[in-house]
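Take a look at the structure below.
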Amino acid sequence: MQNYLSRFALMFILLWGIDLSNAKSDIELTLPKGFKAETVLASLGTIRHLAVNSNGDIYVKLGRLKDGKGIYVLRDINKDGNYTVIKSFGDFLGTGIAFKNGYLYATSNTAVYRYKMTNNEVADPDKPELIVTGLVAGSEHETKSIALDNAGNLYVTIGAPSNACQPMDRTYGSPGQDPCPLLEKTGGIWQFKANQLNQSYAQGIRYATGIRNIVGVDWNIKENQLYAMQHGRDQLSQIDPKDYSNEQSAELPAEEFLQVKKGSDFGWPYCYYDHLQKKKVMGPEYGGDGKQQGRCAGKDQPILGFPGHWAPDDLLFYTGKMFPEKYRNGAFIAFHGSWNRAPLPQAGYNVVFVPFNNGKPSGNYEIFATGFTGKETVMGPGQAKYRPCGLAQGPDGSLYVSDDKEGRIWKIVYGK
């Protein structure tokens, strides 16, 4: 009976549309002067990344299936800021979703699919084309994010199912494997053809390596270059209490903003970036003490480092015209928030902005949107009301931010 009622409820949503935006946000985001955040969706579950179509429809990817579906489509039917669910499809969970050249691309944890768009609608939601299959998914860092360039290439992030490639993961006294066998199929970004069906590792190219885990990735059209945000490793003080205090372990290593080129090697698991020393050093599993560079001196460096464990979950280069000039082609980054800075308070849970010029940051980052947690101090991620996850730009230049704890979406506008 319960399953029957669930199916009936979903049918009602799809046929008639249910307004999910009327619930007023129980928090108020803090934004720069002139900006305003509007709640366009109150709750839909584990919304990961999202993409906005040219007609304003919002396509969201769920980390857990809802009524058997992983992609939901939202529409502002009356053009009054109130969005309703008009469609759901895709029987796979995941994170990545993007529009490109008349197709909607979406990922599961092991594959990439695409749907042909016709008249701003998915032409055949029950029959997606399989673009990439057979990708490794472990017990952690299994989500796949995507970016597409203008030359017909698809970039897929494949996280390593490990903290630092120890035989006994996250265990004191277990040395790191050298060389790390996980780098063969994980710990980097793979490039595939966006229009070729049924590709696997054999048809792909390992575009960049030495990256523990990436969730936020974007192709910068102006620079014609790939950029990504790395989740740094954890638990330095637990692995090496002699050389690291709890305070150091909370702040290190940096979450790295990467300019990714073909052949880049950012050094994981052997190295990590210390944003306080502004250099890459060897990890304790490989004989490091927090100061030695060794082989890490020759690894590719980030273009900017953020405090440890903030958990960057999306990256977006702003190309719209609604926001002031300083934001054009700058980077917005959604930080999901930490879980492992104890006994210190947790941190992150915000959206930051990084100004850009000539392909590099032209200044330090600034907090753009905060207040998601609903409280001043958070000792554990469960205490946060919301956790930013996805970013998308609307056709009018507005910025959408999703939360994957309650499934809320905000639309941030300027001057309205």
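The values are calculated or read from the model by the stated rules, or taken from the named source; none is laboratory data. Not measured: the values here are computed from a predicted model. Every residue, glycine as well, gets a Cβ built from its backbone with ideal geometry; the counts of neighbours run over all protein chains shown.
Consider Gly290 carefully, then state whether it is at pLDDT 95 or above and on the phi > 0 side of the Ramachandran plot. First the steps, then the outcome.
Working: at pLDDT 95 or above: yes; on the phi > 0 side of the Ramachandran plot: yes.
Against the criterion (at pLDDT 95 or above and on the phi > 0 side of the Ramachandran plot), Gly290 qualifies.
Of the strands (runs of 3 or more DSSP E) lying entirely inside the range 84-185, those containing at least 1 residues that are among the aliphatic types (A, V, I, L, M), under 27 Å from Leu44 (Cβ atoms) and in contact with a helix residue (DSSP H, G or I) (Cβ under 6 Å, 6 or more places away or on another chain) are 84-89. Only one of the numbered conditions (1) crowded, with 20+ Cβ neighbours inside 10 Å; (2) under 19 Å from the mean Cα position of the chain (by Cα); (3) modelled with pLDDT of 95 or more is not met by Gly394, and that is (1).
In the range 338-346, is there at least one residue being crowded, with 22+ Cβ neighbours inside 10 Å and either among the acidic types (Asp, Glu) or within 25 Å of Leu62 (Cβ to Cβ) (or both)?
yes
None of Leu65, Leu41, Leu74, Leu31 is closer than 25 Å to Gly374 by Cα and either modelled with pLDDT of 95 or more or of a type in the set (Lys, Arg) (or both) except Leu31. The residues in the range 369-392 that are in contact with a Leu (Cβ under 6 Å, 6 or more places away or on another chain) and assigned to a strand (DSSP E or B) can be counted, and the count is 4.
Just wondering, is there one or more residues in the range 63-71 that are out of contact with any His (no Cβ under 7 Å at 6 or more places or on another chain) and assigned to a loop (DSSP other than H, G, I, E, B)? Give the steps one after another, and end with the answer.
Applying the first criterion (out of contact with any His (no Cβ under 7 Å at 6 or more places or on another chain)) to the range 63-71 yields 63-71.
Checking the rest, the ones that are also assigned to a loop (DSSP other than H, G, I, E, B) come to 67-68.
Looking for residues that are out of contact with any His (no Cβ under 7 Å at 6 or more places or on another chain) and assigned to a loop (DSSP other than H, G, I, E, B), one finds at least one in the range 63-71, hence yes.
Scanning the range 329-376 for residues that are among the polar types (S, T, N, Q) and closer than 25 Å to Ile27 by Cα yields Ser338, Asn340, Gln346, Asn350, Thr370, Thr373. Restricting Ala347, Ala392, Ala342, Ala369 to those that are touching a strand residue (DSSP E or B) at 6+ places or on another chain (Cβ under 6 Å) and farther than 19 Å from Ala228 by Cα reduces the list to Ala369.
Conditions (1) within 21 Å of Asp67 (Cβ to Cβ); (2) modelled with pLDDT of 95 or more; (3) among the aliphatic types (A, V, I, L, M); (4) under 21 Å from the mean Cα position of the chain (by Cα), marked per residue:
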| residue | (1), (2), (3), (4) |
| --- | --- |
| Tyr83 | yes, no, no, no |
| Phe92 | yes, yes, no, yes |
| Phe99 | no, yes, no, yes |
| Gly102 | no, yes, no, no |
| Ser108 | yes, yes, no, yes |
| Tyr113 | yes, yes, no, yes |
| Ala123 | no, no, yes, no |
| Leu135 | no, yes, yes, yes |
| Glu140 | no, no, no, yes |
